[in-house]
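Notes follow once the structure below has been shown.
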Amino acid sequence: LWVVDKDVDKKKGYPQLAEAARLLANNEVVAFPTETVYGLGGNAKSDEAVKRIFEAKGRPNDNPLIVHVASMEQLNEITTEISELAKTLIKKFWPGPLTLILEKKEGALPNSVTAGLRTVGVRMPDHPVALEVIRMSGVPIAAPSANTSGKPSPTTAKHVSDDLNGRIAGIVDGGSTGVGVESTVLDCTVPVPVILRPGGVTKEELEAVIGPIKEDASLKNQAVTPKSPGMKYTHYAPDAPLILIDGKQGFFQQIIEQYQAVGKKVAVMVPEEHKHDYQADYLVCSGSLANLHSIAAKLYDTLRTFNDLDVDIILAEVYPEAGIGHAIMNRLLKAAGHQLIKEE
Ligand code: TXA
Ligand code: MG
């Protein structure tokens with residue numbers, strides 16, 4: 001079943017969304033757009049629905065899901081002891097791309113949602129379709145990104161169907177998502193909050209509101225086991241190997257030619273500003289350096305593009321780590337399995 005709704009219009013009502021909500025209330029799994037990426041939703045209170053999510057994605061079951069709410073009532077149903085600091089963040093950033101790790105309320109959710117943890121990740125998405133689907137279903141909705149585990153997250157309904165067609169009950173098509181990278185995951189169960197996954201809300205934006213925060217040590221040092229279970233898995237990978245190159249134009253071009261000399265077809269991922277700098281078999285433009293948000297918005301679509309090319313190796317430039325660039329580099333490093341060549 002396909003549920004298509006490109007234009008949410010209050011006057012017309014929401015027949016397709018009502019159908020999606022009905023399926024969710026019946027513990028089926030349905031994909032829908034959020035402002036970050038498409039989510040694969042299921043009733044967070046139903047062990048059966050949650051198991052269907054893990055099955056459809058092929059997701060390891062020690063990786064907890066984010067629970068999506070449409071109201072503060074729903075938040076209070078599933079969490080206890082929300083600190084003043086968390087309340088400040090909620091006021092400032094919800095609805096929006098910020099997931100807060102909070103203490104889970106005893107008995108409110110099946111263990112499968114949180115992979116047995118005593119905490120739960122919660123967010124209120126900033127997308128009219130997502131909010132309406134959650135509201136109409138009447139339950140909090142567990143939703144990981146709607147991709148096959150390991151693949152780039154989906155930012156269009158087509159990405160979802162390419163991965164999951166035939167494995168899920170429906171897809172609500174709301175066009176391309178806006179932010180393009182997933183929500184920031186922030187652990188609020190400790191005195192000084194810790195970023196477990198950089199995302200749509202930047203560290204700078206968070207610190208402007210609540211002062212200095214920390215980052216999980218694993219984000220800077222690969223040898224450390226991440227506190228967020230999902231961060232330890234390979235992610236976002238295109239079919240061909242991806243290598244990041246941190247160096248000047250001449251250094252980059254030399255690497256392209258080394259691969260070509262041994263008969264490899266090379267694709268290069270570059271920002272608009274540098275598209276005339278390299279000669280390779282394929283050039284894929286990632287967006288403009290003048291607006292890193294534009295690069296984030298199409299990052300996963302760009303990574304998926306390489307799968308349609310006859311290519312043996314993908315080489316990509318690195319991006320400045322400020323603001324949303326932090327999330328972009330986190331995703332690219334994962335997509336590359338941390339392969340990075342740095343000019344001496
Ligand atoms: O933007 C997003 O967050 C998207 C949209 C659909 O909302 N969702 C998403 O979900 O990215 P997923 O499942 O792909 O990523 C959830 C991340 C994982 O890294 C997981 O380990 C972490 O959040 N997480 C969830 N609950 C947690 C918890 N209780 N403690 C620590 N990390 C948690
Ligand atoms: Mg994901």
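The values are calculated or read from the model by the stated rules, or taken from the named source; none is laboratory data. Quick caveat: nothing in here was measured; it's all calculated off a predicted structure. Reconstructed Cβ throughout: ideal geometry from the backbone, glycine too, with neighbour counts over all protein chains shown. Note: accessible area is taken over every heavy atom of the protein model, side chains too, but ligands, DNA and RNA are not part of it. Shrake-Rupley method; radii C 1.70, N 1.55, O 1.52, S 1.80 Å.
What to note about this one:
- Against the numbered list (1) at pLDDT 95 or above; (2) more than 12 Å from residue 124 (Cβ to Cβ), residue 100 comes up short only at (2).
- Within the stretch 201-242, being at negative phi and among the aromatic types (Phe, Trp, Tyr) holds for one residue alone: 233.
- Qualifying residue in the stretch 305-312 (condition: buried (at least 17 other Cβ atoms within 10 Å of the Cβ), more than 18 Å from the chain's Cα centre (by Cα) and within 15 Å of residue 333 (Cβ to Cβ)): no
- Filtering 326, 293 for residues that are open to solvent by 40 Å² or more (accessible area, probe 1.4 Å) and either assigned to a helix (DSSP H, G or I) or not hydroxyl-bearing (Ser, Thr, Tyr) (or both) leaves a single hit, 293.
- Condition met for residue 8 (under 29 Å from residue 304 (Cβ atoms) and modelled with pLDDT under 95): yes
- When residue 230 is tested against (1) part of a helix (DSSP H, G or I); (2) free of Cβ contacts under 8 Å to residues at least 12 places away in the same chain; (3) open to solvent by less than 60 Å² (accessible area, probe 1.4 Å), exactly one condition is not met: (2).
- Search result, residues across the stretch 119-174 that are in a loop (DSSP other than H, G, I, E, B), touching a strand residue (DSSP E or B) at 6+ places or on another chain (Cβ under 6 Å) and away from ligand 1 (no atom under 15 Å from the Cβ): 139, 169
- Verdict on residue 48 being more than 16 Å from ligand 2 (Cβ to nearest atom) and either within 30 Å of residue 209 (Cβ to Cβ) or at pLDDT 95 or above (or both): yes
- Answer residue from the stretch 111-139, given it is of a type outside the set (A, V, I, L, M) and within 15 Å of residue 64 (Cα to Cα) and is farthest from ligand 2 (Cβ to nearest atom) among those: 118
- The requirement of being among the polar types (S, T, N, Q), over 17 Å from the mean Cα position of the chain (by Cα) and modelled with pLDDT of 95 or more is fulfilled somewhere in the stretch 276-285, by at least one residue.
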